[in-house]
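Worksheet: one structure, shown below.
The values are calculated or read from the model by the stated rules, or taken from the named source; none is laboratory data. Computed from a predicted structure; not experimentally measured. Neighbour counts run over all protein chains shown; Cβ positions are idealised from the backbone, glycine included. Heads up: the accessible areas ignore ligands, DNA and RNA and are worked out on the full protein's heavy atoms, side chains in. Shrake-Rupley method; radii C 1.70, N 1.55, O 1.52, S 1.80 Å.
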Amino acid sequence: MEPIKVFTGKAAVMDRKNVDTDQIIPKQFLKRIERSGFGQFLFFNWRFDEEGNDRADFELNQEQNKGASILIAGENFGCGSSREHAPWALLDYGFNIVIAPSFADIFRNNCMKNGIVPIVLTEEQVAELMKKGVEPGYELTIDLPTQKLFDQSGFEAEFEFHPYWKEMLINGWDEISITEQYEEQIKSYEQQKMPISSI
């Protein structure tokens, strides 16, 4: 995974509550075995009409939100089934950060396992960001080591983040990377002569 320390990016606003994983990535696209390529199907039923054309009223289809890497969303984002394809789709589309008042627990963990930083702010803070986020080109900076978030017009907020996941994301580690750090100890253990149990 790519390390995330201090990240600055364009923000897009999705003022919707209880966005579930079936809307993030509909079930018909879960047959793919790769972890990449899901971005084209992100919010598929909201992004496209029956003929496959862009829906002009959908947030991410609006010109000001093209190229956004930070998503500002409503409460309980990522609810529903625990499909790991949801963060895969968000990341593949280009989102590295998701900000909301609350997340479904499994979705939040899946995000961190796959290199997305899910940030919980208060409802008031998210509401303020949503107002600012409608401005074309609005950007936010996330400083993960200090757990601070700010823009260029005076907004600043601190957020909580579990130390374990913080270290993982800052270093770009996944759970396999953690195991590989103990390679020598694993080899040493495997080379030990195991005693033969007596009959």
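Observations on the model:
- Subset tally (residues that are touching a residue at least 60 places away in the same chain (Cβ under 8 Å), more than 21 Å from residue 105 (Cβ to Cβ) and not aliphatic (A, V, I, L, M)) for the range 1-27: 8
- Condition met for residue 112 (touching a Phe, Trp or Tyr at 6+ places or on another chain (Cβ under 8 Å), assigned to a helix (DSSP H, G or I) and touching a residue at least 40 places away in the same chain (Cβ under 8 Å)): yes
- Residue identified as closer than 14 Å to residue 68 by Cβ and open to solvent by 10 Å² or more (accessible area, probe 1.4 Å) among 139, 156: 139
- The set of residues in the range 51-75 being in contact with a Lys or Arg (Cβ under 7 Å, 6 or more places away or on another chain) and part of a helix (DSSP H, G or I) consists of 60, 61.
- Boolean, residue 146 is open to solvent by 10 Å² or more (accessible area, probe 1.4 Å), among the β-branched types (Val, Ile, Thr) and in contact with a Pro (Cβ under 7 Å, 6 or more places away or on another chain): no
- Test: residue 108 is under 26 Å from residue 34 (Cβ atoms), at pLDDT below 95 and either more than 11 Å from the chain's Cα centre (by Cα) or not aliphatic (A, V, I, L, M) (or both): no
- Which numbered condition residue 131 misses (of (1) loosely packed, with under 14 Cβ neighbours inside 10 Å; (2) part of a strand (DSSP E or B)): (2)
- Of all positions in the range 31-40, at least one carries a residue that is in a loop (DSSP other than H, G, I, E, B) and crowded, with 16+ Cβ neighbours inside 10 Å.
- Hey, residue 63 open to solvent by 80 Å² or more (accessible area, probe 1.4 Å), closer than 29 Å to residue 128 by Cα and acidic (Asp, Glu) or not: yes
- If the condition is being open to solvent by 20 Å² or more (accessible area, probe 1.4 Å) and either part of a loop (DSSP other than H, G, I, E, B) or on the phi > 0 side of the Ramachandran plot (or both), then the range 8-30 contributes 15, 16, 17, 18, 30.
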